1. Here are Pro591, Pro604: which of them is free of Cβ contacts under 8 Å to residues at least 40 places away in the same chain and over 19 Å from Phe497 (Cβ atoms)?
2. Pick from the range 224-244 the residues that are of a type outside the set (A, V, I, L, M, F, W, C) and open to solvent by 10 Å² or more (accessible area, probe 1.4 Å): which of them is farthest from Ala402 (Cα to Cα)?
3. What residue, among those in the range 566-599 that are of a type in the set (Val, Ile, Thr) and assigned to a helix (DSSP H, G or I), is farthest from the chain's Cα centre (by Cα)?
4. Name the strands (runs of 3 or more DSSP E) wholly within the range 25-87 that hold at least 3 residues that are within 31 Å of the chain's Cα centre (by Cα) and buried (at least 16 other Cβ atoms within 10 Å of the Cβ)?
5. Do the conditions hold for Leu599, that is, is it open to solvent by 10 Å² or more (accessible area, probe 1.4 Å) and touching a Gly at 6+ places or on another chain (Cβ under 7 Å)?
6. Can we say Leu573 is surrounded by 15 or more Cβ atoms within 10 Å (Cβ to Cβ) and touching a helix residue (DSSP H, G or I) at 6+ places or on another chain (Cβ under 8 Å)?
7. Taking the range 132-162 on its own, how many of its residues are of a type outside the set (A, V, I, L, M, F, W, C), crowded, with 23+ Cβ neighbours inside 10 Å and part of a loop (DSSP other than H, G, I, E, B)?
8. Could you check how many residues of the range 177-215 are closer than 27 Å to Tyr285 by Cα and open to solvent by 30 Å² or more (accessible area, probe 1.4 Å)?
Amino acid sequence: MPTSQYWADRYVEKKTSAAEAINKILSGHRVFIGSGCGEPQTLVQALAERANNFSGLEIVRLLGQETSSLTAIADRTKDTSLNIRSIYLGSTRDASIAKHKRFVTPMNMSDVPGLFTTKKLPLNVALVQVSPPDDFGWMSLGISVDVTLAAARSADLVIAQVNPRMPRIMGQSFLHVNDVHIVVEHEEDLLAIPPTKEYSEAALQIGRHIARLIEDGSTLQIGLDAASQATVQALSTKNDLGIHSQFITDDIMHLYAIGNINNRKKGLNVGKMVGSMAIGSSNLYEFLNNNPAIDFHPSDYVNDPFIIAQHYRMVSMNVARTMDLTGQVAAEASASTRFAGVSGIPDFVRGARRSPGGKSIIMIFSTCETPEGIESNIKPTIDRIVVVPRGDVHYVVSEYGAVNLFGKSLQERAIAMISIAHPDFREELFAAAKEQGLIGSERTLGEAVRAVYPVKLEETILVNGEEITIRPSKPVDERRIQEHYYSLPKEDVFSRFFHQKTIFGRSDVEARSQVDYIHDLTLVAVVGEFGFGRVVGVAESMRLKDSNMTEVAFSVSPDYQGKGLGKIFLKKLAAASRENGMLGLTAYTFPSNTGMIHLFKTLPYKVRTQYEDGDLVLSCKFDELA
């Protein structure tokens, strides 16, 4: 009797039990197992139970947190029954990864599907999990399309666990019944990771720094670590965001639900949230089911740097485990995210940098806890596998601030990285940088050695359609402050320094860029791109120990004078001085400097004037209101 070609009839013919399906696998076969939370657990369990009957089996999978310990079987049989090929690009220092380091196959995620489809790594069997077929015989790979679709299309034998709980996700996620050889119907809960309800203060602070870098209308790729997801929470004030990301998570779902994400300005796949894998809760999986706003595609599309670069304002956000002073990145998978995510970082870093208005952001916690105590994650050198080379690194954010390393010299990079390291480790890092020749032997950290950047003093204003950011200075601002002073007209230099100063040496600008933000504070007004902006104004304050007053001084570039920068500077310096326990403000100027005199009198305090050696001294105390 001929076999029916109608898919529904063939579906019935292909049904069998998990044990019978696994019996079709032969010794020496190479077997792919579906990825992440889409792992076909029943099939894997059946495979593990029969493992002793095999020899020379090779398991191919993305590095994952196992439900059935195939690696334990490999260890016990000394790789005789089966061997593992775990696709993973990151560090292998984590104990759970290190003991099976021999199984790691380092690859970029965008390259993995081609490994299968070109038969460079031929697959005999693919074990996948799918949704039930629709009226036309199509079954969705659901929450795990990534490299699984390519594996299923390339394998000689495809065994599909059909699970009614697998969501049917739109996009390029479908296998037809006719393309599957064996069907195992088994309903069970999908692997799930409940969303983190509480984030560390460090993760939240990283999120606040990053929120300042992301513009409305950006398209985002978001990693899986806590810092990345805390960043998502910090984006709740942004508008018209889009998603093109390897992973879709509960926090992304939340931003979509409250309207921050609408995918209208992506520039590619407009109106669609694009991913290749979902890792999260059952609520997330329900949200994805038959949702026309979401498309899943394989990794050779989602992770392709060329595709990534076509998005408008593409922003990649990923977490480093450690970084060195030159900007090299070591990343490491985490058990809390089922060891997923690291292998896709380089693809998104490179793609985002080539996007119009795009940014690549690396997040790093300044420290970590070890059995020996607290350890800095920013190190003089790193002894781990480098996932992102220093030439590809642009923005780096820790809980202590944000820096842009692109186009910076090794000395500038080292100073930048030290400025966002934990204060307890800055002197040690600075000394190591000198020893390596990264920083000149004459350099010092000055008061910045234990300074904590006061992000609350940052403010962006719009003047004649141009954004001007007013913020505390950073050690990396040294050269830009120097350029500002050299660009001032002679009369403005004389007004600021009380003599015709022509040389602005390192000691002059170090005193203004390396401050403690409490006793000494410098504010700068910056226009242009973060990390490359031009300083158009400098406001300095220094505590006078004898009187506990704060001396202030200002300089503003001629083309930005008369735009209210001085008033903002003075207001911020007064507020910071008062908060830090100073009694009031004082300033030295020329009697003819009516602008400074008028500016001082805008304060809500009684202003006193007196003369010293021909100079006018303005002063006010915070407890004496006008």
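The values are calculated or read from the model by the stated rules, or taken from the named source; none is laboratory data. Here the structure is a predicted model, which is why all the values come from computation and not from measurement. Don't worry about glycine lacking a Cβ; one is built from the backbone with ideal geometry, like all the others, and counts go over all protein chains shown. All accessible areas refer to the heavy atoms of the entire protein, side chains included, with ligands and DNA or RNA removed. Shrake-Rupley method; radii C 1.70, N 1.55, O 1.52, S 1.80 Å.
1. On the way: Pro591 fails: over 19 Å from Phe497 (Cβ atoms).
Pro604 is the lone residue from the list that is free of Cβ contacts under 8 Å to residues at least 40 places away in the same chain and over 19 Å from Phe497 (Cβ atoms).
2. Residues of the range 224-244 that are of a type outside the set (A, V, I, L, M, F, W, C), as a first pass: 225, 228-229, 231, 233, 236-240, 242, 244.
Now narrow it down to the ones that are open to solvent by 10 Å² or more (accessible area, probe 1.4 Å): 225, 229, 233, 236-240.
Working: Asp225: 18, Gln229: 18, Gln233: 18, Ser236: 20, Thr237: 20, Lys238: 19, Asn239: 22, Asp240: 24 Å.
Step by step, filter the range 224-244, then rank; the result is Asp240.
3. Looking only at the range 566-599, we keep the residues that are of a type in the set (Val, Ile, Thr), and these are 568, 586, 589, 594, 597.
Applying the additional criterion that residues be assigned to a helix (DSSP H, G or I) yields 568, 594, 597.
Working: Ile568: 32, Thr594: 48, Ile597: 46 Å.
In this case the residue turns out to be Thr594.
4. Values: elements: 30-33, 57-62, 82-87.
Hits in the range 25-87: 57-62, 82-87.
5. Values: open to solvent by 10 Å² or more (accessible area, probe 1.4 Å): yes; touching a Gly at 6+ places or on another chain (Cβ under 7 Å): yes.
When the stated conditions are applied, Leu599 passes them.
6. Details: surrounded by 15 or more Cβ atoms within 10 Å (Cβ to Cβ): yes; touching a helix residue (DSSP H, G or I) at 6+ places or on another chain (Cβ under 8 Å): no.
So Leu573 fails the test.
7. If we filter the range 132-162 for residues that are of a type outside the set (A, V, I, L, M, F, W, C), which is where we start, we get 132-135, 137, 140, 142, 144, 146, 148, 153-154, 156, 161.
Next, from what is left, pick out any that are crowded, with 23+ Cβ neighbours inside 10 Å: 140, 142, 144, 146, 148, 161.
This time we only want the ones that are part of a loop (DSSP other than H, G, I, E, B), so: 142, 146.
Result for the range 132-162: 2.
8. 18
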